[in-house]
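Input: a single structure, listed below in structure tokens.
No value in this document is a laboratory result; all are computed from the given coordinates. Just so we're clear, the structure is a prediction, and the values are computed from it rather than from any experiment. Positions of Cβ are backbone-derived with ideal geometry, glycine not excepted, and every protein chain shown enters the neighbour counts.
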């Protein structure tokens, strides 16, 4: 699919505002940055509520989370708590309403009535809450009044993961909402955590673009089909976050994501600082060519520094490979690319190759070390998918 790709510089925000990406009028908007930068707050206030109020309550919204549990046990009631507490509802509705309440999988404009001693809501909801995991139940529902859809936390941490066939489920939900219209805008918000297996980036062909984006970049893609996609790697560094002191730990895995918005990866095993490659012997090398990323996987015999004859262990060390493969017809290559060659291995867990089996033994015995966490993420993504 051909596409025109344009790059802009995003605003250096104090607190994130959706107004910058909104002006490009994309059909699908993906916004990512560090945690607590105001993405959801901006989406709920500047898109969901503002557009609803501007349309005189004609243009409703849907707020999507991955699981039903994201709305149960009072969690649904917290969705608009920040917006309510900041007085945004009063501001947007010009004093007519003071809060948004969550009831029966819907969001309602409301006021507290002192005489009745209870909250009184509008006659119809402003928007709806939808757990993606149960969205197939909505196939016969009518959402003709919905013009904005917010998917929150579209980038999922490794320890939580994604739904099985999440992309297909998401597309089915899109189809249910859109029907035959073209006036629905989708807003996807996520934190800068490991994105390599993210189905939205993968299925929309955005992974290579995201890989090259830096904080402050805004990319607009116009596909030949007429679809416009906008991506914003929001830069939110001017604000003073008093909470940063709680995450100022040298070895903290997610510290930079929380405090500065850098991509954060799962923590993987590294070689100790005192490790000396001079006391090793390289006995074999395998390559990983996965999602257009190249890695060296080297097996080393490790010797005692004081007694070079004393072999202590066998380990695998995995690092980036910056030069192209030289012997593509001879080297053992683990890859997601299909090729019928004796040296090409697609499925690591079902191969008879003795060297790869030895690597699997080292993985099981926790004797694999990584250059950095991103390298660990790439290799373990291949390991879990192939």
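Odds and ends about this structure:
- In this label model, residue 274 and residue 67 are separated by 4.2 nm, measuring between points 7 Å along each Cα→Cβ vector.
- Contact order for region 279-386, expressed relative to its length and based on alpha carbon pairs under 8 Å spaced 6+ residues apart, stands at 26 percent.
- Counting 0.36 nm for each residue step from residue 174 to residue 158 and taking away their Cα separation leaves a gain of 3.3 nm.
- The residue 222 and residue 343 beta-carbon pair, evaluated with R₀ = 45 Å, returns a calculated FRET efficiency of approximately 0.65.
- When each of 22, 308 is scored by the number of other beta-carbon atoms lying within 10 Å, the sequence from fewest to most is 308, 22.
- Shown for 168, 147, 335: other C-beta atoms within 10 Å of each C-beta, ranked fewest to most, produce the order 168, 335, 147.
- Per-pair calculated FRET efficiency, R0 = 25 Å: residue 145 and residue 91 via Cβ, rounded to 0.05: 0.60
- Peptides 181-189, 25-33 ranked from most to least packed by the mean count of surrounding Cβ atoms within 10 Å: 25-33, 181-189.
- Whole-number D in µm²/s for the chain (Stokes-Einstein; Kirkwood sum over Cα pairs; 4 °C, 1.567 mPa s): 55
- For the chain, the longest principal axis of the C-alpha atoms and the axis of helix 354-364 are separated by about 50°.
- Sorting the segments 296-306, 342-352 by their residues' average number of neighbouring beta-carbon atoms within 10 angstrom, most packed first, yields 296-306, 342-352.
- DSSP bridge orientation in region 55-190 - percent antiparallel, rounded to nearest 5: 40
- Annotation: for a label point projected 7 angstrom from Cα along Cα→Cβ of residue 363, residues of region 259-303 with backbone N closer than 18 Å are 266-270, 284-300.
- Between 0 and 90°, nearest 10: helix 166-178 axis offset from the chain longest Cα axis: 20
- Neighbour counts of C-beta atoms inside 10 Å place 98, 208 in the sequence 208, 98, starting with the fewest.
- Region 332-386 and region 91-127 have Cα centres lying 55 Å from one another.
- With respect to the chain, whose longest principal axis is taken over its alpha-carbon atoms, helix 373-385 is tilted by about 90°.
- Extension gain (nm, one decimal) between residue 284 and residue 307, 0.36 nm per residue minus Cα-Cα: 6.0 nm
- Helical contribution to [θ] at 222 nm, DSSP H n ≥ 4, -39,500 (n - 2.57), averaged over the chain, rounded to 500: -5000 deg cm²/dmol
- Percent antiparallel among DSSP beta bridges (both partners in the chain, rounded to 5): 55
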